[in-house]
Amino acid sequence: MVNGILDYLWLVPALPLLGVVLNGAIALLVERPFLLKEAGLPLAGGHGAGHGSHDDAHGASSHGSAHGHHETPAYRKLVAFIAPGVVGAAFVVALLCVLSLASRPADGRTFVQILFPWIQAGSLLVPAALQLDPLSSVMALVVTGVGFLIHVYSVGYMSHERAFARYFVFLNLFMFAMLILVLANNYLLMFVGWEGVGLCSYLLIGFWYEKQSASDAGKKAFVANRIGDFGVLLAMFLVFWTFGSLTYTEVFAKVPLLRESGVLTTGLATVITLLLFLGATGKSAQIPLYVWLPDAMEGPTPVSALIHAATMVTAGVYMVARSSALFLLAPDTMMVVAVIGAVTAIFSATIGICQTDIKRVLAYSTVSQLGYMFLACGVGAFTAAIFHLMTHAFFKALLFLGSGSVIHALSGEQDMQKMGGLKKYVPVTFATMFVATLAIAGIPGLSGFFSKDEILWQAFSSSHGSPFLWGIAALAAGITAFYMFRLVFLTFFGKSRMDPEVEKHAHESPWTMTVPLMILAVLSVAGGWIGIPAVLGGSNLFEHWLAPVFHPVAAAGAAHGAEAAVHHPAALEIGLMALSVAIALCGIGLAYFLYRVRTGKPAEIAKQWPTLYDVVYHKYYIDEFYEWAVIRRIVTISIGLWEMFDALFIDGIVNGAADLVRAAGDRVRRLQGGVVGGYAFSLLAGAVLLVGYILYRSVVQ
Amino acid sequence: MFLGNLASLRYFLPEFAVTATILLLVVLHVVTKSPRSTASGFLSLLGVGAAIFLAGVAPAGAGRSIFEGMVAHDGFAVFFKVLTALATLVVIFMSMDSRDLAGRSQAEYYIFLLSTLLGMFLLSSATDIVMLYLALELVSIPSYLLAGYLKGQERSTEAAMKYVVYGATASGVMIYGFSILFGLTGSTQVAEIGRSLAAGKATLPMLLASVMVAVGFGYKIAAVPFHMWSPDVYEGAPTPATAFFSVGPKAAGFAVLVRFYYTVFAAADPGTGLWRLTSAVDWPFLFAALSALTMTVGNLVAVKQSNVKRLLAYSSIAHAGYMLMGFVLLSSAGIEAILFYLVVYLFMNLGAFYVVVLVSNATRGEEISDFTGLGSRAPFAAVALSIFLFALTGIPPFSGFIGKVYLFAEVIHRGVYWLAVVAALNSVVSLYYYTRIVRAMFFEEPKDASAIPVPAVSGALLVLLVAPTLILGVYWEPVARIAADSVRMLAF
């Protein structure tokens, strides 16, 4: 116990795993028989197979209907206690560990805990080890902290769900995998977490698997992620091939040496980082692999908040930041990352303008905000990327949970055209969501402002940046402000467009849901204060905290943005800041004008430019394009391969070989006559043959 | 340096535990009124558990020769004692659950089982050919009784009969080989024999002896062409006994095979992890041929089987073939691979047999057709059996895959490429017949769709067998380390 609380770091992932085991036992042994009995099904066949119509968004089929008010079975209370409990405990342990880490000197803030030697094969030595350093501590705190709040929220949100325990098994499992991802000390263990969160994402998107669209969305997410994973795998092979190790500290320590000796050429670094980035585009929903994320909204809303906004989708950003030492060696990759990030940011923001499904607007917004983070990575501002990752986790989780609260209040309605005037029904939800909207729009003083502005400034001033990138990002910020306020105005203001039946039941959510909203609202406001830039009189604690992770790297690598920034006058920084705020205010103003003052105008505009509206409304027909350009091609080729290659050639070989084997088997089997005398003879004959054989060999020699 | 008889006793505690249990069982058999009482089963569990405990936490000073050089007390022997006792433990559980054995005298059955275990203990540690022969017979004779335990059932009686005749022939040939060795060297100590043979040059009697001994050991591990007995015995014997034969005596057979050939006909090159031949007998090549033959015949014939027990019998012949690959490489890593494979094989093979017991308890049949629709009739057992079968095939992420990786890696490392190719092709063939069972369980409609209940205790045991099969597929380091340590402690 030399390291105090840090020796208990393993508890951080272990606690959610304990939750998986306990809740898993409950789900299998208690809930499943219970649900089967309730459904009157004697055997397997999926829960609720008798209830075909889970068409409302949060599966609240019992909401106010016939079997709505029977007693809560005791096991549900137990699950509702265990699942958030283990995550909360993990948060406490993580917090104590981080505090203990913070008490160390800045250059000693890397703690590695080796759990057990995992793979030892030749020169490949991979331990199962955790690493807590400034970067992984930010991630661990965000994951466990936001995760805990969302678990609590889920208890309320899923209270009408039949497969309650199953849901929390998946959610706990996700926490475990995500914590392995961020706490791993090597690429391979990180990849285990990477795949684990992918699995949980798939399971939770398709949680209501009786619904075709939900299970399709799960599959889509899985396939899109596989494409990215292929990149990560190849990158890992290359890393091992180049560095002879997969452990972060060893790999990054060898960078200068191998760079000097010419083993690690810029070309090699470019290939490795591009492959890693391919993985990141899959996991973090960037062009060209972003298409799965909007569809992932088929999952329960807390899942969208936790996995598809706050944590899992930021794994790509984390990985890029973690590998910053490699990325800085590859200027071409940096440019690709920055451009893809910027283009994704503005591209998906424009799609957000025309969406009417509240969750889909938020989904495109997430894609767009992730684009910002990659833009930051691409210009070398990894600190800014992680900072925005954190603030985004707060306000986007809040937005999703708020939208969930709205959907909950409206018995599953997600279409903003059927909302309006909700302010008076769900005041807490409204107030908290409004705060989050201000934060994401970049209103000064709130968390989103500081992080987004840091990115904009770096995009402009860094040696990897350019005014052009700044322009795109600033424009995207204006659009973001516009569509977010459009969402707020359509949902909470104006006259009600609700179904009267739905309106009757509209209610504020229970405390388990509103309390997490309030906490997240506080974080959305104050979460950015730890990163107030020097030019505004702040001390930018956040950057100092992460400096040991990124600065040695930058020093060893190529030129670094932050140093270049020194040469820019403060007036320029302030000026650009003001400009971006002005752009955001324009967006808000436009939204106010179109959705509060001249509410008929949007429809007119749509009519005026029908083609433009149609293209944007249909998300630029990207899904259709993929369907035509990729999926249908693959299907055609697959059918060809199946009929020509597989059915004729491969099956021919396989069946031929199988026939041969069977025939041979038949022959050999006949040797076994079943007569015991024959057996004894065969033994002696075998012995004689062996003697003959060995004699022959020794004579030949 | 040999330890005298009395001083040796403290290194003989596991054997004492087993012997004491056998004696208690004899008493129990006489005093209990109901021969069907489960007390004898529990008593056996206790005795074997104690033996595992005593063997596993053996007193320090492993690597000594005890009982005047009759028996070795070394890491290698300890490994096999724990392994065979573990197999026996699982088989006792299976036996207590088996409907085949219900209604028959229990105590006698366990007496035979534990006597075999005692024989296996001695077989894996014997260093004197007289002791070795006695141990082999102590394994064989109770095995004959176990095979014929289902008195009144024709197949069982036939199995015992064939086993006796075949076993007698094999052990006759073997002891003839021993007598030649004694005649050549004037010693019964294997180490002494090895030294003497190394000094002389190859003679015809020496070649004859090496092959004749191979017959005896080949019979014990059921290597082709000395395998003929095993399908009939496996099919006729009560299923738990079959499971036992396929793991326990086979493992002990490998123990004695390795110890004997690596002492008599080879010597370690210190520090290299390699061994060299000391006599002109090219037995590695001989056994490489046997290995290829064994796995090929086992797999080919398994393809045509419709009885699951018989299929698993041939499959276990094939697995002996795979393990023989590690035997011919003259390297410590090869032996380590065998040891590791035996551990994973223990769990996956016993697991497969256990599901057969559970199914035949309900269906009274062991044909593949009795397994149709098991996926819906007993989903847990069906999934477990699928895991065992995939592990036996050697598909990742199950333990069998890692076992094969170790074997194949060392075969390739030592440059015996042709053998690796033969084994790889054989694995493909094995996939065919293992998946036939899986297909029957999940893709074919059962005649009778009623659920097959799996009692909680059986389910728990199944979990205990599935767990290592899964865990050793992803985290095998500790077992690999134990195997490596056991080989390092191979002392004579």
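The values are calculated or read from the model by the stated rules, or taken from the named source; none is laboratory data. This is a predicted model, so every value here is computed, not measured. Methodologically, a virtual Cβ is constructed for each residue, glycine included, from the backbone with ideal geometry; neighbour enumeration extends over all protein chains shown. In case anyone asks, the SASA skips ligands and DNA or RNA and just uses the protein heavy atoms, side chains included. Shrake-Rupley method; radii C 1.70, N 1.55, O 1.52, S 1.80 Å.
One table, with the values for the structure above:
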| item | result |
| --- | --- |
| Segment A:255-324 - Kirkwood radius from inverse mean 1/r over Cα pairs (Å) | 13.7 Å |
| Debye, to nearest 20: dipole size of segment B:1-275, +1 on Lys, Arg Cβ, -1 on Asp, Glu Cβ | 200 debye |
| Cα centroid separation - segment B:245-263 against segment A:493-513, whole Å | 76 Å |
| Shape category assigned to segment A:184-230 from the gyration tensor of Cα positions, a/c cut at 1.5 | oblate |
| Dimensionless Rg ratio for segment A:460-508, taking C-alpha atoms and the 2.2 N^0.38 Å reference | 2.00 |
| Simple Cβ-charge dipole of segment B:282-492, Lys/Arg +1 and Asp/Glu -1, about Cα centre, in debye nearest 20 | 140 debye |
| Semi-axes of the equivalent ellipsoid for chain A, Cα gyration tensor, largest first, Å | 47, 35, 27 |
| By accessible area with a 1.4 Å probe, ligands and nucleic acids excluded, highest first: order of B:Glu154, A:Glu624, A:Glu195, A:Glu31 | B:Glu154, A:Glu624, A:Glu195, A:Glu31 |
| Sum of side-chain charges, A:Met139 neighbourhood, beta-carbon under 12 Å (Lys, Arg +1; Asp, Glu -1) | 0 |
| Hull shadow area, averaged, segment A:286-408 [alpha-carbon convex hull, nm²] | 6.7 nm² |
| For residues of A:649-661, the mean tally of beta carbons on other chains within 10 Å | 2 |
| Volume in Å³ per residue [convex hull over Cα atoms, computed for segment B:52-157] | 101 Å³ |
| Label-point separation, A:Tyr696 to B:Val428 (7 Å along Cα→Cβ), nm | 2.8 nm |
| Leading residue at positive end of dipole, the protein assembly as shown (Cβ point charges), from B:Tyr166, B:Ala483, B:Val416 | B:Tyr166 |
| Enclosed volume per residue, in Å³, of the convex hull spanned by Cα atoms of segment B:383-492 | 147 Å³ |
| B:Glu68, B:Glu137, reordered so the largest accessible area comes first (probe 1.4 Å) | B:Glu68, B:Glu137 |
| Pairwise Cα inverse-distance average, inverted: Kirkwood Rh of segment A:381-504 (Å) | 15.6 Å |
| Three semi-axes of the equivalent ellipsoid, segment B:282-492, Cα gyration tensor, whole Å, largest first | 32, 19, 12 |
| Whole-angstrom gap from segment B:183-244 to segment A:515-539, using each part's C-alpha centre | 78 Å |
| For segment B:294-343 and segment A:370-439, distance of Cα centres in Å | 60 Å |
| Computed accessible area, A:Thr333, all protein chains, 1.4 angstrom probe, square angstrom | 0 Å² |
| By average C-beta atoms within 10 angstrom, highest first, the peptides B:316-322, B:87-93 | B:316-322, B:87-93 |
| C-alpha long axis of helix B:308-327 to longest principal axis of chain B, angle in ° | 30 degrees |
| All Cα pairs of segment A:148-281, percent lying beyond 26 Å | 38 percent |
| Prolate/oblate/rounded call for segment A:109-169, Cα gyration tensor, a/c under 1.5 rounded | oblate |
| Solvent-accessible area of A:Glu604 with every protein chain in place, 1.4 Å probe, in Å² to the nearest 10 | 90 Å² |
| Rg/Rg_ref, the protein assembly as shown, where Rg_ref = 2.2 N^0.38 Å and atoms are Cα | 1.09 |
| Exposure rank, largest accessible area first [B:Arg488, B:Arg310; 1.4 Å] | B:Arg488, B:Arg310 |
| Value at 222 nm in deg cm²/dmol, rounded to 500, when DSSP H runs of n ≥ 4 in chain B each add -39,500 (n - 2.57) | -25000 deg cm²/dmol |
| Farthest positive-ward along segment B:282-492 dipole, Cα basis, beta-carbon charges - from B:Leu300, B:Phe388, B:Val428 | B:Leu300 |
| Per residue accessible area of segment B:282-492, 1.4 Å probe, in Å² | 32 Å² |
| Cα-only Debye scattering, segment A:130-215: base-10 log of I(q)/I(0) at q = 0.19, 0.26 Å⁻¹ | -0.88, -1.24 |
| Where N is the number of residues in segment A:601-687, Cα Rg divided by 2.2 N^0.38 Å | 2.71 |
| In nm, spacing of pseudo-spin labels at B:Ala460 and B:Glu154 (7 Å Cα→C-beta vector) | 4.1 nm |
| Cα-centre dipole for segment A:374-481 with unit charges at Cβ (Lys and Arg positive, Asp and Glu negative), debye to 20 | 220 debye |
| Positive dipole terminus of segment A:376-472, leading residue within A:Ala409, A:Phe468, A:Leu456 (C-beta point charges) | A:Ala409 |
| B:Ala7/B:Glu137 FRET efficiency (R0 30 Å; Cβ-Cβ; nearest 0.05) | 0.65 |
| Convex hull volume per residue for chain B, taking Cα atoms only, in Å³ | 132 Å³ |
| Gain on full stretching of the segment that runs from A:Phe81 to A:Ser103 - 0.36 nm per residue minus C-alpha separation | 4.6 nm |
| Kirkwood estimate for segment B:1-275, i.e. one over the average of 1/r between Cα atoms, Å | 19.3 Å |
| P(r) weight above 16 Å for segment B:36-103, C-alpha pairs, percent | 55 percent |
| Rg followed by Dmax, in Å, when segment B:201-297 is reduced to its Cα trace | 15.4, 48 |
